[in-house]
1. Could you work out how much longer the chain between Gln15 and Leu34 gets when fully extended? Use 0.36 nm per residue separation minus the Cα distance between them, nm to one decimal.
2. Sorted by accessible area with a 1.4 angstrom probe, largest first, how do Val7, Val17 fall?
3. For the chain, give the magnitude of the charge dipole about the Cα centre (Cβ charges: +1 Lys/Arg, -1 Asp/Glu; no others), in debye to the nearest 20.
4. State the percentage of accessible surface on the chain attributable to carbon and sulfur atoms; use a 1.4 Å probe and exclude ligands, DNA and RNA.
5. Using a 1.4 Å probe, how large is the accessible area of Lys38, given in Å² and rounded to the nearest 10?
6. Can you give me the orientation-averaged projected area of the convex hull built on the Cα atoms of the chain, in nm²?
7. Could you state the accessible area per residue of the chain in Å², with a 1.4 Å probe and every protein chain left in place?
8. Give the long-range amide H neighbours of Cys21: residues separated by 5 or more places, or on another chain, with amide H under 5 Å away, using H modelled in the peptide plane at 1.01 Å from N.
Amino acid sequence: MRIYTTVMQAVQQPQQVFCDCCGREIDKTKEDFLQIEKSWGYFSKHDGETHQLDICEDCYIAWTASFAHKPTG
């Protein structure tokens with residue numbers, strides 16, 4: 001038999017978000033941004049690492065303009 005109790009857990013929410021490309025603060029209430037999280041695996045120079053990026057829309061547009069294959073959708 002199990003008897004359960006309710007436990008409150010703290011949840012972290014970002015207070016501010018900054019673009020990792022240009023460093024500008026992103027106003028989450030007025031603009032959207034790209035969030036990337038990548039956990040690197042075997043055969044990578046970053047094996048076992050997890051990288052997180054926040055990119056503002058202006059930097060996203062400039063970045064993807066350099067792609068050989070443009071994002072679709």
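The values are calculated or read from the model by the stated rules, or taken from the named source; none is laboratory data. Since the model is a prediction, treat every value here as computed from it, not as a measurement. Counting neighbours? That spans all protein chains shown, and the Cβs are built from the backbone with ideal geometry, glycine included. Ligands, DNA and RNA are stripped out before the accessible areas are found, and what is left, the full protein with its side chains, is counted by its heavy atoms. Shrake-Rupley method; radii C 1.70, N 1.55, O 1.52, S 1.80 Å.
1. Working: separation 19, 0.36 × 19 = 6.84 nm, distance 1.67 nm.
My answer for the length gained is 5.2 nm.
2. Numbers: Val7 105, Val17 10 Å².
So the residues, ranked largest to smallest area, are Val7, Val17.
3. On the way: 7 positive and 11 negative charges, 60 e Å.
Taking the Cα centre of the chain as origin, the dipole is about 280 debye.
4. Values: 3670 of 7050 Å².
Accessible surface attributable to carbon and sulfur in the chain totals 52 percent.
5. 90
6. Working: hull surface 40.5 nm².
If I average the Cα hull's projected area over directions, I get 10.1 nm².
7. Details: 7050 Å² over 73 residues.
Ligands and nucleic acids excluded, the result is 97 Å² per residue.
8. Cys56
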